[in-house]
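Novice: Pasting a structure here, questions to come.
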Amino acid sequence: MADDNSTSAVFSLAMISYSECNEIQRNQYYEYEVPRLDLQQCCKALLEIITFNTVSGEFNPQGDRRSMCAKICSDHLSERYTDLCNTAAFLGHMNCLRMAHEMGCPWNTRVPCHAIQGGHLDCMIYAHKNGCPWDAETCATAVRYENVECLKYAQDNGCQWDFEYTWCEALVNGGSLLLQYLRENWGPETLATAASGGHFQILQYALENGCPSSVTACSSAAMSGQLNCLIYLHNNGVPWDSDTCIEAARCGNLGCLHYAMSNGCPCTAAAAYEAARNGRSDCLMYLHLNDIPIDWYTCLGAARGGNLNCLRYTIRNGCRANEETCAEAASYGHSACLAYLHNHGVPWDLRTCIGAMRSGNMECFQYAVRNWCPADELTCAEAARLGGLKFLEQLRSHGVPWDSRTCTEAVRYGHTDCLIYALNRNCPINRWSCMRLALANGHVDCRYYIRDYFRSPRLFRLNFTAKRLPKYKRVRARQRRLGRRI
């Protein structure tokens, strides 16, 4: 049903009468001093939709208008109405556009473009506010037709736009309104975008005409490897900072890095870290040869990124890795880096096993456990917290101790399989604390299992395994349905 409080667009009686007149009658109409009626294809198509719904006998005055067009879409005349919204937007018939949308006529990204071509901002605004999609072609159409108002509205409301195309069109047209609009709204991000995309002509125009600048422009050029833009920016006094070298090293742009450092750009150990983290071994070597310090943090970056070549270079050149380095390699699942660190005497601690479990990497975990990486009761508790039954089994098979925290963490997070494994292997448990915790967190399966385990421990120890857990759940559910005391 339609909303009684909603308002809908309708044709005026004058327009309906005018549409029924022949050509002679229409000419006589304009002999009088009356408002001019613009009867176009969109108006005729909408009147046909109304007529079809009326003649078919299926018209419901209290029904939803959005179904009116759908009755025609199944007919062979459906193609006549697919572009109805586009036509109304192009002609600037706001009333027709609104009626077409309310009757369920389809629209797409071409509707805003047609509104821009016709110069009808109101139609574009209506389409956008009522959910009509748009894309980068919307702004491109506004640029092509130099419709600054539509371009401004689209940009202010988050429509995608092509930076290069917009500026190139503005520069080609010289002193156009579009270029004036862009100049009034430029800022430091204009230089940064032009530099990162390598748009040298736009960059040159912006700098020569007083566009505001910042250190972001140089770092953007270095990040994208636009050496000519970086040189031009520096020669024209645009400032830079350590981020320029950091971005060049992170993205592996050795040419930009060499130019920046050769011309006095500040550089810190953070650049070496980014080079190692992202596997830029050539940039890492260049930084080291130019007296940029590499330390344990550089090793940490190589371990995080899993870049064995960079890790090998840092270790061979005197970097002192520590327990955190091994933990990071395991946390990010880089088993080759973990093995290299261990083989070169880098110490590790229980964070290595915990990091491997958290990343879900069994290869790193098995390597650590088999090579006697330190692990204790906290490691087993963490495995239970994560629901890693395979990790818990591996730890116990290598003699890692556990305590009541293992059962507590399994109950806290509802990992019944870990709880079953622990209880069936005589893991200590704080019975009543776990019962209350299971009830508080809504893990009734854990609660029932603990209760029944202590009610008949011999039966459960001998016969109950994780494979029988689904059957156990069904039995307990049936007992609850029958109203038995649980």
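The values are calculated or read from the model by the stated rules, or taken from the named source; none is laboratory data. Just so we're clear, the structure is a prediction, and the values are computed from it rather than from any experiment. Glycine also receives a Cβ, built like all others from the backbone with ideal geometry; neighbour counts cover every protein chain displayed.
Novice: Considering only residues that are polar (S, T, N, Q) and closer than 20 Å to N441 by Cα, which ones fall in region 376-429? Walk me through it before giving the result.
Specialist: Step one: filter region 376-429 for residues polar (S, T, N, Q), giving 379, 394, 397, 404, 406, 408, 416, 424, 426.
Within region 376-429, S404, T406, T408, T416 qualify.
Quick grid of which residues meet (1) charged (D, E, K, R); (2) in contact with an Asp or Glu (Cβ under 7 Å, 6 or more places away or on another chain):
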position: Q117; (1), (2): no, no
position: D122; (1), (2): yes, no
position: E137; (1), (2): yes, no
position: V143; (1), (2): no, yes
position: N157; (1), (2): no, no
position: D162; (1), (2): yes, no
position: G197; (1), (2): no, yes
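Novice: Restrict the check to region 259-272 and report whether at least one residue is in contact (Cβ under 8 Å) with a residue 24 or more places away in the chain, crowded, with 22+ Cβ neighbours inside 10 Å and not hydrophobic (A, V, I, L, M, F, W, C).
Specialist: no
Novice: Next up: What number goes with the only condition from (1) assigned to a helix (DSSP H, G or I); (2) crowded, with 23+ Cβ neighbours inside 10 Å; (3) not aromatic (F, W, Y) that C105 does not pass?
Specialist: For C105, the exception is condition (1).
Novice: For region 382-418, enumerate the residues that are among the aliphatic types (A, V, I, L, M), crowded, with 23+ Cβ neighbours inside 10 Å and either part of a loop (DSSP other than H, G, I, E, B) or touching an Asp or Glu at 6+ places or on another chain (Cβ under 9 Å) (or both). It would help to see each step written out before you state the result.
Specialist: First, the residues of region 382-418 that are among the aliphatic types (A, V, I, L, M): 383-384, 386, 389, 392, 395, 400, 410-411.
Within this subset, residues satisfying the condition of being crowded, with 23+ Cβ neighbours inside 10 Å are 383-384, 392, 395, 410-411.
A383, A384, A410, listed by residue number.
The rows are residues; the columns are (1) closer than 22 Å to L179 by Cα; (2) out of contact with any Cys (no Cβ under 9 Å at 6 or more places or on another chain); (3) acidic (D, E).
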| position | (1), (2), (3) |
| --- | --- |
| V111 | no, no, no |
| A115 | yes, no, no |
| C123 | no, yes, no |
| Y126 | no, no, no |
| C132 | no, no, no |
| T138 | yes, no, no |
| A142 | yes, no, no |
| N147 | yes, yes, no |
| L151 | yes, no, no |
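Novice: Continuing with this model, one more query. Only one of these is surrounded by fewer than 16 Cβ atoms within 10 Å (Cβ to Cβ), at pLDDT 70 or above and charged (D, E, K, R): R480, R431. Name it. Let's see the steps before the verdict.
Specialist: Values: R480 fails: at pLDDT 70 or above.
None of the others qualify; the one that does is R431.
Novice: Still on this structure: Among all residue pairs at least 6 apart or on different chains, which show Cβ distances below 6 Å where the first residue, located in region 132-156, is in contact (Cβ under 8 Å) with a residue 60 or more places away in the chain and the second is β-branched (V, I, T)?
Specialist: none
Novice: Inside region 371-397, can you point out the residues that are aromatic (F, W, Y) and out of contact with any His (no Cβ under 9 Å at 6 or more places or on another chain)? First the steps, then the outcome.
Specialist: Within region 371-397, the subset aromatic (F, W, Y) is 372, 391.
Across region 371-397, the qualifying residue is only F391.
Novice: Quick check on my filter: what residues within region 162-179 are in contact (Cβ under 8 Å) with a residue 12 or more places away in the chain and either over 25 Å from the mean Cα position of the chain (by Cα) or surrounded by 18 or more Cβ atoms within 10 Å (Cβ to Cβ) (or both)?
Specialist: Y165, T166, W167, C168, E169, A170, L171, N173, S176, L177, L178
Novice: Which pairs turn up if I take residues in region 320-347 that are touching a residue at least 24 places away in the same chain (Cβ under 8 Å) and on the phi > 0 side of the Ramachandran plot and look for partners that are of a type in the set (S, T, Y) and outside any loop (DSSP other than H, G, I, E, B) with beta carbon separation below 8 Å, at least 6 apart in sequence or on another chain?
Specialist: Sorted first by the residue in region 320-347, then by its partner, the pairs are G333/S359.
Novice: Are any residues in region 421-436 aromatic (F, W, Y) and over 15 Å from C380 (Cβ atoms), and if so, which ones? Give the steps one after another, and end with the answer.
Specialist: Residues of region 421-436 that are aromatic (F, W, Y), as a first pass: 421, 432.
Result: W432, single match.
Novice: Would you pick out the residues in region 355-371 that are under 21 Å from L311 (Cβ atoms) and among the hydrophobic types (A, V, I, L, M, F, W, C)?
Specialist: Within region 355-371, A356, C364, F365, A368 qualify.
Novice: Step by step: first the residues of region 118-136, then only those that are farther than 15 Å from K152 by Cβ and among the aliphatic types (A, V, I, L, M), then the one that is surrounded by the fewest Cβ atoms within 10 Å (Cβ to Cβ). Which residue is that?
Specialist: If we take residues in region 118-136 being farther than 15 Å from K152 by Cβ and among the aliphatic types (A, V, I, L, M), then A136 is surrounded by the fewest Cβ atoms within 10 Å (Cβ to Cβ).
Novice: Can you tell me which of (1) over 23 Å from E324 (Cα atoms); (2) touching a helix residue (DSSP H, G or I) at 6+ places or on another chain (Cβ under 7 Å); (3) at pLDDT below 95 is the one T408 doesn't meet?
Specialist: (3)
Novice: Now, a different point. Could you figure out which of (1) over 22 Å from T325 (Cα atoms); (2) touching a residue at least 12 places away in the same chain (Cβ under 8 Å); (3) crowded, with 16+ Cβ neighbours inside 10 Å isn't true of D452?
Specialist: Just one mismatch for D452, condition (2).
Novice: Now for a different question. It is to be established whether one or more residues within region 356-363 are in contact with a Gly (Cβ under 6 Å, 6 or more places away or on another chain), surrounded by 16 or more Cβ atoms within 10 Å (Cβ to Cβ) and not small (G, A, S).
Specialist: The answer is yes; a qualifying residue exists.
Novice: Can you pull out every residue in region 280-303 that is of a type outside the set (S, T, Y) and either surrounded by fewer than 20 Cβ atoms within 10 Å (Cβ to Cβ) or in a loop (DSSP other than H, G, I, E, B) (or both)? Reasoning before the result, please.
Specialist: Taking region 280-303 as the starting set, the residues that turn out to be of a type outside the set (S, T, Y) are 280, 282-285, 287-296, 299-303.
Listed by number, the residues that qualify are R280, D282, M285, H288, L289, N290, D291, I292, P293, I294, D295, W296.
Novice: Right, next: I need the full set of residues from region 345-380 which are farther than 11 Å from L395 by Cα and among the charged types (D, E, K, R), in order please.
Specialist: Matches in region 345-380: D349, R351, R358, E363.
Novice: Residues of region 322-356 being out of contact with any Ser or Thr (no Cβ under 8 Å at 6 or more places or on another chain), over 20 Å from G388 (Cα atoms) and outside any helix (DSSP H, G or I), which ones?
Specialist: N322, H344, G345, P347, W348
Novice: Check off (1) more than 29 Å from the chain's Cα centre (by Cα); (2) in a helix (DSSP H, G or I); (3) crowded, with 22+ Cβ neighbours inside 10 Å; (4) in contact (Cβ under 8 Å) with a residue 24 or more places away in the chain for I231 and give me the number that stays unchecked.
Specialist: I231 satisfies all of (1) more than 29 Å from the chain's Cα centre (by Cα); (2) in a helix (DSSP H, G or I); (3) crowded, with 22+ Cβ neighbours inside 10 Å; (4) in contact (Cβ under 8 Å) with a residue 24 or more places away in the chain except (3).
Novice: Based on this model, can you work out whether A206 counts as hydrophobic (A, V, I, L, M, F, W, C) and more than 28 Å from I315 (Cβ to Cβ)?
Specialist: So A206 passes the test.
Novice: Quick check on region 89-97. Is at least one of its residues hydrophobic (A, V, I, L, M, F, W, C), in a loop (DSSP other than H, G, I, E, B) and surrounded by fewer than 20 Cβ atoms within 10 Å (Cβ to Cβ)? Steps first, answer last, please.
Specialist: Taking region 89-97 and keeping what is hydrophobic (A, V, I, L, M, F, W, C), we get 89-91, 94, 96-97.
Cutting the leftovers down to in a loop (DSSP other than H, G, I, E, B) gives us none.
Among the residues of region 89-97, not one is hydrophobic (A, V, I, L, M, F, W, C), in a loop (DSSP other than H, G, I, E, B) and surrounded by fewer than 20 Cβ atoms within 10 Å (Cβ to Cβ), which makes the answer no.
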